[in-house]
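Shown next, in structure tokens, is the structure this report addresses.
Values quoted throughout were computed directly from the atomic coordinates according to the rules given, and no laboratory measurement underlies them. These numbers were taken from a predicted model, which means no experiment stands behind them.
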Amino acid sequence: MNSPASPSFHLVPEPPTLPEANAASASRPAHADNLKILIVDPDARATAQLEQLCRDLLGHRIAQLASADSVEAAAARVAATAFDFLLLDPQFWRSDELLRFRALGTLPTIIVSAQTDLAVAAFEWGVLDFVPKPVNRTRLARALYRAAPQPRPAESAERFLAARRAGRID
């Protein structure tokens, strides 16, 4: 009698313990406006498209929209600015570069990549969302909604209570 074949498994290394990116990001409150977003993508056209979509979808809520095309440039930007979240395409990165970048901090991250096979690993690393390329506006909007704190409705100084009595509102 033949024994059943053993299943094959692909082992994924555990992500490193991630320290805070910098003191500013550790203490920053979640604001609905004045968002600071970093786009990390080596493709200038893809970066321009993501910038435009972010501006279209978040509009006046964006205080800063920065970009980086390499691990080194992204690391420098993250060290200097308390970003609220980042959009990251690790397409051309070697695994050691990605580990180095991830070790910089616990910045909320949305992966935007044509490499859909990265999706499962990305969620194991704790990313907020994975948006496949080519980027669909509706799909990106859902991811940005998860990443960006939502504005609170303005509270009115006036408050009204209405009661219906005998068919009339008093």
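Values for this structure:
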quantity: Other-chain or far-sequence residues with amide H under 5 Å of SER113's (modelled H); calculated: VAL131, LYS133
quantity: PHE85 long-range amide H proximity, modeled H, under 5 Å; calculated: LYS36, LEU38
quantity: Extension gain, ALA80 back to ARG137 (0.36 nm per residue minus Cα-Cα distance, nm); calculated: 17.6 nm
quantity: Integer Hz, Karplus 6.51/-1.76/1.60 couplings in order for the range 63-73, x for Gly and Pro; calculated: 8, 8, 10, 10, 9, 9, 10, 8, 4, 5, 5
